[in-house]
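> I'd like to ask you about the structure that follows.
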Number of protein chains: 2
Amino acid sequence: MAVNLREPGALAPIAGARWASVDAAIKKPGGDDMALLVLDEGATVAGVFTRNVFAAAPVVLARRHMAAASPRALLINSGNANAGTGRQGEADALVCCRRVADSLGVAAEQVLPFSTGVIGQMLPMSRIEPAIPRLAEAPAEDGWLAAARAIMTTDTVPKGFSRRVELDEGTVTLTGISKGSGMIRPDMATMLAFIATDATVPAADLDAALREAVNASFNSITVDGDTSTNDAAMLCATGAGMAVDRHKPGWAAFVGALRELMADLACAIVRDAEGATRFITLSVDGATSVDEARAVAFTVAHSPLFKTAAFAGDPNWGRILAAVGRAPVADLAIDGVDIALDDVAIVAGGQPRADYREAEAAEVMSRAEFTVHIGLGRGDAGATVWTSDLSYDYVRINAEYRS
Amino acid sequence: MAVNLREPGALAPIAGARWASVDAAIKKPGGDDMALLVLDEGATVAGVFTRNVFAAAPVVLARRHMAAASPRALLINSGNANAGTGRQGEADALVCCRRVADSLGVAAEQVLPFSTGVIGQMLPMSRIEPAIPRLAEAPAEDGWLAAARAIMTTDTVPKGFSRRVELDEGTVTLTGISKGSGMIRPDMATMLAFIATDATVPAADLDAALREAVNASFNSITVDGDTSTNDAAMLCATGAGMAVDRHKPGWAAFVGALRELMADLACAIVRDAEGATRFITLSVDGATSVDEARAVAFTVAHSPLFKTAAFAGDPNWGRILAAVGRAPVADLAIDGVDIALDDVAIVAGGQPRADYREAEAAEVMSRAEFTVHIGLGRGDAGATVWTSDLSYDYVRINAEYRS
């Protein structure tokens, strides 16, 4: 039951970025489970990958290929994460790249592999290999929504957004898709995002833009604090359109649009989180640094006690206060701490306000979406983090036997 | 439903440590809710307190009094944590100390207050004050079990253990009680432990023994990663018995017995954790330091995905591996990682063993108690951490409205 998340309407095509999707019978209960993104020659690509030191085979290979050549194709399969599969897993991922390269007439190093799904099982190569030439047959610029579906595992809604940025010299278009719903379900390895723009962006600048935007999007969400072995967010600039770089006046607008698009994609994952009944924004200000604000926000976002209170709609400010108090922040003083739920002020200077009425706070927490404002009263920095609640369904989904 | 935890049988009296308990009508559904521990003159006392920077009023006062005088009495109430109560809360805690001091003929600074229960409500002083003279009337050395009951909040079983240490010069006795069951339930502030020995121990040595033992006991358990505002573990040496200090040959045996007693008290809290259906030991070795081993153990112990798999009895080693991989440890290599469940080896060198049979691992995880062995293969240090699973009942208990 995704929280206020609907299937995307039209996703804007990106000139120079073509998708194909097929059903290779990897994923239960069926539907397309392989997708291929083909980029025009001259495209630049930036990527950020899981920080889990046990990165899956495709992540290892994608990193290696990005360092060696200019990517021309991204191959994604769902239903199997090719994680915990050792040397055989790396060999299989490399075979996938070679098959794509053969079909497209590019080098194997120009193909980046991505996998999401069950951990610890070898890729079903006998089904994957024959599917690859089919994928390479007729990729099309209007294939974004089908690709968003093909990369889903336990997602209940395909996730995709488009943005147009009007710059002095013309218009730049961005479209992205993402998948993920909790970090690993029974043993799924989870978060992937693919974004393309028709802008022409130098590789180093594209990388800088992605890293800036990812901090305020995919690195600002949490469902359960677990980090998958397969997480990746990729940004491709096809070069079909106008030039944008960090020295041009439109750069800030471009990065801003990218950040908003990626925040939409990231929040869509939280909205579709396992068992989620609420979408919660944690907004921390008055910190001495962004890192400090993020540390406080994540400590609250990861607190099972806060998350179960959110599920219950219980305005249990003691739990928020206790989580703030154990955040890894030096010399935090309770007298500076303010807490509000949406526009209902609850705690001021570390103590419940005299005018606090629990019924008002309970009304806020009964909403499907609300914001917890936390003021630390010691500086000018802030951060925003998005999370979901902890429900019976989270336990049910994650306690189910693998099937 | 506590996991393999029964009410204590006889708890050994400690000469020079006398308990009284009364029902002051603070706690629902009734039963004793105040306890007083009176120590003979000359006793030494050591304490460790919550690291939550928003320490509750009694914690603030107990720390202050310990720095100022030699404690003669410890006053505990359950049903109300006197946390998040600001200056009024501190004033109330001080009044409690003064009433005890008046009744016993000691100084107020010689009384340490402790509270556990609901956060954010003022102490019901009109019921507490008249109860104090009743407590002071007839404390007795056989009052340990009644005190273990009086300090309970949502605990389902009173927790207490005794140990005798045979030294060359004679016998030392240790008895302790603890309470806690998850960190805050609806909004309970939780963990307390009171231990006494009849040994005569210099204050500095007693403090050192407590700090050493607490790392391998109360600092090695986790239910949900939340730290209460009221946690305290107190160790009293009454001085009625033989002298023990760090220069005597019996010191290691004394500290060892203390560590075992405190581990029993700590594990009893995990066994009685909210919604727990399993008691899980995480044993990490092959680390380069104890801190590193603890970081890995706690990362797994806090993983909601591991905890829900444990609830389901699902030997989902991918979740253990993924949690190890995101532990805050530098340069961890997957090829060194071994994982076993009790005596069933699952992962060797980061990959599933060829002889691994899931049915054998599933049998281990169906047990009420099992050990996850994690080898890092890079050093000689190790650590043990105890935790519980994440069940529907954990969510139910913590999502219930406060009542």
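No lab work stands behind these numbers, since they all come straight from the coordinates. Predicted model, so just to flag it, every value in this text is computed and none were measured. Backbone-built Cβ (ideal geometry, glycine too); neighbour counts: all protein chains shown.
> Output needed: percent of Cα pairs per 10 Å distance bin for chain A, bins running from 0 to the one holding the longest distance.
5, 23, 30, 24, 14, 4, 1, 0
> While we're looking at this one, here's another question. Kirkwood hydrodynamic radius of the protein assembly as shown from all distinct Cα pairs, in Å?
28.2
> How well do other chains shield peptide B:220-230, expressed as the mean number of their Cβ atoms within 10 Å of each residue Cβ?
On the way: counts 0, 0, 0, 2, 7, 8, 10, 5, 5, 6, 1.
Neighbouring Cβ atoms belonging to other protein chains average 4 per residue here.
> Sticking with this structure for a sec: Quick one: with label points 7 Å out along Cα→Cβ, list the inter-copy distances for B:Ala295 in nm, shortest first?
Copy-to-copy label distances for B:Ala295: 1.5 nm.
> Nm distances between the label at B:Met122 and the same-position labels in the remaining copies, 7 Å along Cα→Cβ, shortest first?
The answer, with the shortest distance listed first, is 7.2 nm.
> Projected onto the charge dipole of the protein assembly as shown (+1 at Lys/Arg Cβ, -1 at Asp/Glu Cβ, origin at the Cα centre), which of A:Pro124, A:Ala108, A:Gly89 gives the Cα projection farthest towards the positive end?
Result: A:Pro124, furthest along the dipole toward the positive end.
> If packing is taken as the mean number of other Cβ atoms within 10 Å per residue, what is the order of B:303-314, B:153-164, highest first?
Working: B:303-314: 26.3, B:153-164: 20.7.
Answer by packing, highest mean first, reads B:303-314, B:153-164.
> Further question on the same structure: Under a point-charge model restricted to the Cβ atoms of Lys and Arg (+1) and Asp and Glu (-1), what is the dipole moment magnitude of the stretch A:1-125 relative to its Cα centre, in debye to the nearest 20? Before the final figure, lay out the partial values.
Values: 11 positive and 10 negative charges, 60 e Å.
In total the dipole reaches around 280 debye.
> I want to make sure I understand the PRE zone here: with the label point 7 angstrom from the Cα of B:Thr288 toward its beta carbon, which residues in the stretch B:349-386 have backbone N atoms less than 16 Å away?
Label zone hits: B:376-382.
> Every other copy gets compared here: list the nm distances from the A:Gly9 label point (7 Å along Cα to Cβ) to its counterparts, shortest first, one decimal.
From this label point to the equivalent ones elsewhere in the assembly: 7.5 nm.
> Follow-up. Before rounding to the nearest 500, sum -39500 (n - 2.57) across all DSSP H runs of length at least 4 in the protein assembly as shown and divide by the residue total; then give [θ] at 222 nm in deg cm²/dmol. Intermediate results must be reported in sequence, preceding the final value.
Numbers: 22 runs with 264 residues, N = 806.
Rounded to the nearest 500, the figure is -10000 deg cm²/dmol.
> Could you work out the mean count of beta carbons from other protein chains within 10 Å of each residue's beta carbon in B:52-59? Could you put the intermediate results ahead of the total?
Working: counts 9, 11, 12, 2, 1, 0, 0, 0.
Mean shielding by partner chains, rounded to a whole number: 4.
> Using a simple spin-label model with points 7 Å from Cα along the Cα→Cβ vector, what separation in nm is obtained for B:Lys248 and B:Ala203?
2.0
> So for chain B, taking the charge dipole from beta-carbon charges (+1 Lys/Arg, -1 Asp/Glu), which of B:Val329, B:Ser228, B:Tyr392 sits furthest toward the positive end?
Among B:Val329, B:Ser228, B:Tyr392, the one farthest towards the positive end of the dipole of chain B is B:Ser228.
> Counting only DSSP beta bridges with both residues in the protein assembly as shown, tell me the antiparallel percent, nearest 5. If you can, show how the numbers build up before the last one.
On the way: 104 of 152 bridges.
Around 70 percent antiparallel, to the nearest 5.
> Now, a different point. What are the semi-axes of the equivalent ellipsoid for the stretch B:279-399, taken as the square roots of 5 times the Cα gyration tensor eigenvalues, largest first, in whole Å? Mind showing how you got there, number by number?
On the way: eigenvalues 101, 62, 27 Å².
So the equivalent ellipsoid measures 22, 18, 12 Å along its semi-axes.
> If you don't mind, there's one more thing I want to ask. Only Cα pairs under 8 Å and at least 6 apart count here; give the relative contact order of chain A as a rounded whole percent. Intermediate values should be presented prior to the final figure.
Working: 1025 pairs, mean separation 73.7, N = 403.
Relative contact order comes out at 18 percent.
> Same structure, new question: Which order do peptides B:142-151, A:359-368 fall in by mean Cβ count within 10 Å, highest first? Write out the running numbers ahead of the final one.
Values: B:142-151: 23.5, A:359-368: 16.0.
Highest-to-lowest ranking by the protection proxy: B:142-151, A:359-368.
> For B:326-333, what's the mean count of beta carbons from other chains sitting within 10 Å of each residue's beta carbon?
3
> Now, a different point. Select from B:Ala24, B:Ala12, B:Ala327 the residue whose mean-square fluctuation is largest in a Gaussian network model of chain B (Cα-Cα springs shorter than 10 Å).
Per the Cα network of chain B with a 10 Å cutoff, B:Ala327 tops the list.
> Placing unit charges on C-beta atoms (Lys and Arg positive, Asp and Glu negative, everything else neutral), compute the dipole magnitude of the stretch B:171-305 about its Cα centre in debye, rounded to 20. Please list the in-between numbers first.
Numbers: 9 positive and 16 negative charges, 40 e Å.
In debye, rounded to 20, the stretch B:171-305 gives about 200.
> For the stretch A:35-54 and the stretch B:303-328, what is the separation of their Cα centres, given in Å?
A separation of 28 Å, based on Cα centres.
> Place a label point 7 angstrom from the Cα of A:Glu363 along the Cα-to-Cβ direction, then list the residues of the stretch A:295-321 whose backbone nitrogen is under 16 Å away.
Residues passing the 16 Å test: A:314-315.
> Using 0.36 nm per residue of separation minus the Cα-Cα distance, give me the extension gain between A:Thr171 and A:Asp331 in nm, one decimal. Intermediate values should be presented prior to the final figure.
On the way: separation 160, 0.36 × 160 = 57.60 nm, distance 4.82 nm.
Roughly 52.8 nm would be gained on extension.
> What whole number of Å gives the distance from the Cα centroid of the stretch A:197-246 to the Cα centroid of the stretch A:340-403?
29
> How much net charge surrounds B:Thr222 when only the other residues with a Cβ under 13 Å from the Cβ of B:Thr222 are counted, with Lys and Arg +1 and Asp and Glu -1?
Details: positive: A:Arg326, B:Arg294, B:Lys307; negative: B:Asp224, B:Asp226, B:Asp231, B:Glu274, B:Asp389.
Around B:Thr222, the surrounding residues sum to -2.
> What distance in nm separates the simple spin-label points at B:Glu212 and B:Asp40, each placed 7 Å from Cα in the Cβ direction?
Result: 2.5 nm between the two label points.
> What distance in nm lies between label points placed 7 Å from Cα along the C-beta direction at B:Asn4 and A:Asn4?
It is 4.8 nm.
> Let me know the charge dipole size of the protein assembly as shown about its Cα centre in debye, to the nearest 20, where only the beta-carbon of Lys, Arg (+1) and Asp, Glu (-1) is charged. Please report the intermediate quantities before stating the final value.
Working: 70 positive and 98 negative charges, 77 e Å.
Approximately 380 debye in magnitude.
> Now for a different question. If the cut-off is a Cα-Cα distance under 28 Å, which lysines reach A:Lys28, setting aside same-chain residues fewer than 8 apart in sequence?
A:Lys159, A:Lys179, B:Lys307
> Another one. Restricting everything to alpha-carbon atoms, can you work out Rg to Rh for the stretch A:138-179 with a Kirkwood hydrodynamic radius?
That ratio equals 1.11.
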